[in-house]
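Q: My questions all concern the structure below.
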Amino acid sequence: MSVLTDRNVLVLLAAIPLLIAAGPIMPDWVRFFLQVSLASGLAVLGVVVQMRAGLVSFGQGLYYCLGAYAAGMTGHFVGVTDVFALLGLGIVVAAGVAVVLGFLMSRYREIFFAMLSLALSMILYGLLVKAEVLGSTDGFNLPKATFLGLAPTEQALRFAVYALTCAVTLLAAIFLYRYLKSPMGRIGEAIAQNEIRVEYLGSSARTVVHITYVLAAALSGAGGALAALANGHVDPEMANWTTSGQFVFVALLSGTGNVAAPLIGNFLLEMIRVYAVAWSPYTWQLILGATMLLVILFLPGGLWSLVERRKAGG
Amino acid sequence: MAPLLEARSLCKAFGAVTAADNISVAVAEREVVGIIGANGAGKTTFVNMVTGYLKPDTGSISYQGRDITRLGPRATARTGICRSFQIPQTFARFTVLDNMLVALNVARKRDLFFWRPAHDAELDAVAQGLLAGLGISGHRDQIAGTLPQGVRKILDIAMAMVSAPKVILLDEPTSGISTDEKHAAMDTVMNALGERGVTILFVEHDMEIVERYAGRVIAFYDGRILADGAPAQVLSDADVRRYVVGGELHRRQPRKGVA
């Protein structure tokens with residue numbers, strides 16, 4: 001099936017102008033949460049692509065944070081403010097680090113992979129917390145971004161970054177959708193089921209895992225850079241285990257069956273959190289926890305299983 | 001004529017247990033070799049060494065004159081030596097067709113393609129042809145984990161066949177298959193492999209199967225080769241009857257005096 005005749009690709013492509021067009025009519029706070037959840041949704045997609053290959057990363061915050069700090073430091077210390085340059089740099093730095101660390105990580109599976117990924121992200125967190133030049137636990141602000149050499153007004157810039165986030169996230173989702181249907185994507189899933197058979201067929205499971213790891217890092221780096229541009233601020237919390245844990249949690253709650261699921265699930269959970277905090281500022285975690293418990297109990301395949309059930313039912 | 005596959009003086013020990021003790025085997029092209037032996041005799045260790053899963057402590061393996069002793073399973077498969085398993089190694093959550101498509105994409109060196117779909121009409125037709133040749137095309141859309149054991153065994157063999165190997169090692173191809181279906185399954189598999197000119201080594205406990213399909217039999221005992229030759233010669237060897245197949249052969253003789 002060609003890319004442009006695939007219904008899922010067309011839906012994701014159509015969502016880009018729709019989301020961008022809806023931007024100006026949304027309340028600012030909804031647009032902002034949508035933007036941040038799409039950016040962090042890229043990191044969740046990174047978790048999902050690894051999960052499909054049987055790898056659970058509890059340290060995806062490492063690459064989310066690296067992407068954010070690469071963009072932030074370049075803006076703050078070098079004076080580069082173009083959003084495309086900062087986004088590109090976030091992706092390149094995250095992917096570059098993953099290429100190197102991937103030689104180690106691709107040797108491990110299951111709990112060893114999970115714990116090692118967590119350890120690596122906590123090393124970055126520890127370094128950033130100690131780095132006073134980077135603002136220690138407070139982090140630092142990014143300078144005002146520019147757009148292809150233009151310095152738009154604050155409001156126009158906010159909308160431009162929102163539009164960029166929508167486009168990048170959905171194009172990344174289309175890429176991932178195609179990837180998961182490609183030979184390498186299918187072999188990733190085959191590795192999760194029977195790695196030894198993959199080797200006996202003549203393919204290198206380690207190479208496929210390594211590439212998957214780099215791909216996940218690039219997605220997360222892009223997400224981190226976009227989140228940094230949205231917030232105008234970076235801090236070490238982006239590498240903390242709570243951030244990485246949230247990515248895994250969202251992936252599980254949303255379901256890994258479709259690339260749109262983590263993006264939608266991330267936004268819904270973010271909104272539930274916002275309302276929970278507004279409604280019950282001191283016990284909002286209880287509401288979020290209860291929601292998650294209900295999803296786990298009644299939708300073990302994640303929120304996306306609701307869509308699948310509807311499809312199965314005709 | 002130089003042998004296609006040759007193992008020379010293979011030794012392998014796991015701690016105090018010697019699983020292979022000076023094993024030397026030379027196999028000619030298109031030969032069909034039955035490997036017999038009691039449990040723990042060293043048959044699967046031999047298969048694992050030839051296919052790169054285990055490295056021998058000493059000795060060497062050559063294929064088409066090339067030393068393959070230190071190659072792993074992936075590199076060995078790429079040379080043209082493939083295998084099936086005693087416990088079928090399929091992708092249990094994939095359909096039969098998807099199992100074949102993964103194998104086909106790897107065989108065609110498309111395993112690192114990340115944009116074009118794994119599934120296309122041409123690959124589908126090739127997979128369907130292979131499944132039909134092995135008599136399991138009716139199961140193509142069934143999830144592999146739900147297949148009956150006999151079908152899963154044949155799928156395991158089909159996956160090994162997609163790369164058009166020159167040599168195939170079948171580890172107990174009929175274990176877990178009902179007595180009624182064994183011969184039909186072996187006929188199908190052996191015919192399909194024979195048509196492709198594949199050299200076959202198969203590990204088997206059923207002596208009827210061995211007698212019927214093997215052109216040569218190698219009997220293993222305690223990590224060593226007890227006998228190697230024509231089926232009739234090996235299966236009538238006194239040591240082989242005593243240590244390896246005695247019970248099996250005697251069970252097949254009609255007992256005198258029993259009504």
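The values are calculated or read from the model by the stated rules, or taken from the named source; none is laboratory data. Quantities reported herein were computed from a predicted structural model and do not represent experimental measurements. We place every Cβ from the backbone using ideal geometry, glycine too, and count neighbours over all the protein chains shown. Ligands, DNA and RNA are excluded from the accessible area calculation, which covers all protein heavy atoms including side chains. Shrake-Rupley method; radii C 1.70, N 1.55, O 1.52, S 1.80 Å.
Q: For the range A:53-155, give me every one of the helices (runs of 4 or more DSSP H) that falls completely inside it and has 1 or more residues that are free of Cβ contacts under 8 Å to residues at least 40 places away in the same chain.
A: A:83-105, A:110-130
Q: Now, a different point. Do we find a residue being within 30 Å of B:Gly34 (Cβ to Cβ), open to solvent by 40 Å² or more (accessible area, probe 1.4 Å) and free of Cβ contacts under 8 Å to residues at least 60 places away in the same chain anywhere in the range B:146-163?
A: There is at least one residue in the range B:146-163 that is within 30 Å of B:Gly34 (Cβ to Cβ), open to solvent by 40 Å² or more (accessible area, probe 1.4 Å) and free of Cβ contacts under 8 Å to residues at least 60 places away in the same chain.
Q: Taking only the range A:164-176 into account, find how many residues are within 11 Å of chain B (Cβ to nearest Cβ) and open to solvent by 20 Å² or more (accessible area, probe 1.4 Å).
A: Result for the range A:164-176: 1.
Q: I've got another one for you. Restricting to the range B:9-32, name every residue that is charged (D, E, K, R) and either open to solvent by less than 40 Å² (accessible area, probe 1.4 Å) or more than 19 Å from B:Gly229 (Cβ to Cβ) (or both).
A: If the condition is that a residue be charged (D, E, K, R) and either open to solvent by less than 40 Å² (accessible area, probe 1.4 Å) or more than 19 Å from B:Gly229 (Cβ to Cβ) (or both), then B:Lys12, B:Asp21 are the ones that fit.
Q: Those residues that are more than 7 Å from chain A (Cβ to nearest Cβ), open to solvent by less than 10 Å² (accessible area, probe 1.4 Å) and polar (S, T, N, Q), I need them from the range B:91-110; list them, please.
A: Correct list: B:Asn99 only.
A quick yes/no check of all residues on (1) at pLDDT below 95; (2) within 30 Å of B:Arg241 (Cα to Cα):
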residue	(1), (2)
B:Arg30	yes, yes
B:Ile36	yes, yes
B:Ala41	yes, yes
B:Thr44	yes, yes
B:Val50	no, yes
B:Gly65	yes, no
B:Arg78	yes, no
B:Ser84	yes, yes
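Q: Something else now. Within the range B:111-129, count every residue that is crowded, with 21+ Cβ neighbours inside 10 Å and more than 12 Å from chain A (Cβ to nearest Cβ).
A: Residues flagged as crowded, with 21+ Cβ neighbours inside 10 Å and more than 12 Å from chain A (Cβ to nearest Cβ) within the range B:111-129 amount to 1.
Q: Next question, about the same structure. Would you confirm whether any residue within the range A:237-251 is touching a Leu at 6+ places or on another chain (Cβ under 7 Å) and under 20 Å from A:Leu12 (Cβ atoms)?
A: There is at least one residue in the range A:237-251 that is touching a Leu at 6+ places or on another chain (Cβ under 7 Å) and under 20 Å from A:Leu12 (Cβ atoms).
Q: Taking only pairs six or more apart or across chains, which ones have beta-carbon atoms under 7 Å, a first residue in the range A:187-205 that is more than 7 Å from chain B (Cβ to nearest Cβ), and a second residue that is among the small types (Gly, Ala, Ser) and part of a loop (DSSP other than H, G, I, E, B)?
A: Once the first residue is more than 7 Å from chain B (Cβ to nearest Cβ) and sits in the range A:187-205, its partners that are among the small types (Gly, Ala, Ser) and part of a loop (DSSP other than H, G, I, E, B) give A:Gly188/A:Ala53; A:Glu189/A:Ala53; A:Ile191/A:Ala53; A:Ile191/A:Gly54; A:Ala192/A:Ala53; A:Ala192/A:Gly54.
Q: Evaluate the following for B:Thr44: is it over 19 Å from the mean Cα position of the chain (by Cα), more than 10 Å from chain A (Cβ to nearest Cβ), touching a residue at least 40 places away in the same chain (Cβ under 8 Å) and open to solvent by 20 Å² or more (accessible area, probe 1.4 Å)?
A: no
Q: Residues in the range A:129-145 that are closer than 18 Å to A:Asn231 by Cα and either in contact with a Leu (Cβ under 8 Å, 6 or more places away or on another chain) or among the small types (Gly, Ala, Ser) (or both): how many?
A: Summing the residues that are closer than 18 Å to A:Asn231 by Cα and either in contact with a Leu (Cβ under 8 Å, 6 or more places away or on another chain) or among the small types (Gly, Ala, Ser) (or both) in the range A:129-145 gives 8.
Q: If I ask for residues that are in contact with a helix residue (DSSP H, G or I) (Cβ under 6 Å, 6 or more places away or on another chain), over 16 Å from B:Arg93 (Cβ atoms) and open to solvent by less than 10 Å² (accessible area, probe 1.4 Å), which ones from the range A:185-212 would you list?
A: A:Gly202, A:Ser203, A:Ala205, A:Val208, A:Thr212
Q: Another question, then. If we scan the range A:275-295, do we find a residue that is under 24 Å from A:Thr165 (Cα atoms), within 19 Å of the chain's Cα centre (by Cα) and open to solvent by 50 Å² or more (accessible area, probe 1.4 Å)?
A: no
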